[in-house]
């Protein structure tokens, strides 16, 4: 099943929480920066040129599937001044664990609700401190229609292990590692155990935290969650952190990419857990109703607890 624009843009950018089974009516418009994320903690506060040249754009996507059935989603694109947003749990249930959350969006946008705000709220309920990562993206057209067309052009091709769109932004994992350093440095202030800080990423965010987790650095996360990223074989360093992987087998992007990355972790005797859901499609966030993906956060946090996190 191949999606046409604008539905393809929304599915690939994980903005529909997996609801890509219909051809909805879509309205995408510019929006003011939304305060619901709180105050940003800039990753590079001393970089004056970065702040002066900040081109960040917000957009609101409204999707109508049928009369009376609609969905609204905020997204960010043209991020050039990366930051994190802190969400701390009730101190009475705090576990000392922290997770940096990387939303997806094809390195062209960030699905900051479906794969950001919803995720950190769910983690907070489990006593886990959480941070939304707003990482560097590829430059994209500022005009909404041209932006949609650019996404559609990238993903109009068939995606395989040997044929993948060249959209990866190498600054993104560097931003993730910078965020990790900041959370470690401020761990005492936020009542976090600096040995219990990790990542979870979705789609492009999964690729971001994977690259950060296997980078040639001593600044390692304690763990990472890899949610509907490509499952192809990769090179894994001996000191890679434990991985929790999850995706849906009916994912049109990566559902047929196998389990190579899981085998890579096992070959190195590094802890790994994998959940391959029968249904859920791409972009299910913390769970698509009517599928077992709704247990994602429960399974992820249960895995953390078993690991002493």
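Going by average Cβ density within 10 Å per residue, which order do the peptides 282-291, 144-153 take, highest to lowest? Don't skip to the answer; put the middle values down first.
Working: 282-291: 20.7, 144-153: 16.5.
Taking the mean over residues of other Cβ atoms within 10 Å, the ranking is 282-291, 144-153.
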Taking R0 as 22 Å and r as the Cβ-Cβ distance between residue 32 and residue 54, the FRET efficiency 1/(1 + (r/R0)^6), rounded to the nearest 0.05, comes to 0.90
Sorted by mean Cβ packing within 10 Å, highest first, what order do the peptides 42-55, 259-272, 228-241 take? 228-241, 259-272, 42-55
Report the gain in length on full extension from residue 185 to residue 234: 0.36 nm times residue separation, minus Cα-Cα distance, nm rounded to one decimal. 14.6 nm
Of all DSSP beta bridges in segment 7-306, antiparallel share, percent nearest 5: 50 percent
For segment 168-235, what is the largest minus smallest coordinate of the Cα atoms on each principal axis, given in angstrom and ordered from greatest to least? 38, 20, 18
Compute the whole-percent fraction of alpha carbon pairs in segment 7-306 spaced more than 37 Å apart. 9 percent
Suppose we look only past 13 Å in the calculated P(r) of segment 78-139. What percent of the Cα-Cα pairs does that tail hold? 58 percent
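Taking 8 Å as the Cα distance limit and 6 or more residues as the minimum spacing, I'd like the relative contact order of segment 7-306 as a percentage.
Values: 661 pairs, mean separation 51.2, N = 300.
In percent, rounded to a whole number, it is 17.
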Computed over segment 133-273, Kirkwood Rh from alpha-carbon pairs, angstrom: 16.4 Å
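Read the figures in this text as sums done on the coordinates, not as results from a lab. This one's a predicted model, so the numbers in the text were calculated from it and none came from an experiment. Neighbour counts are summed over all protein chains in view; Cβ atoms, including those assigned to glycine, are modelled from backbone coordinates with ideal geometry.
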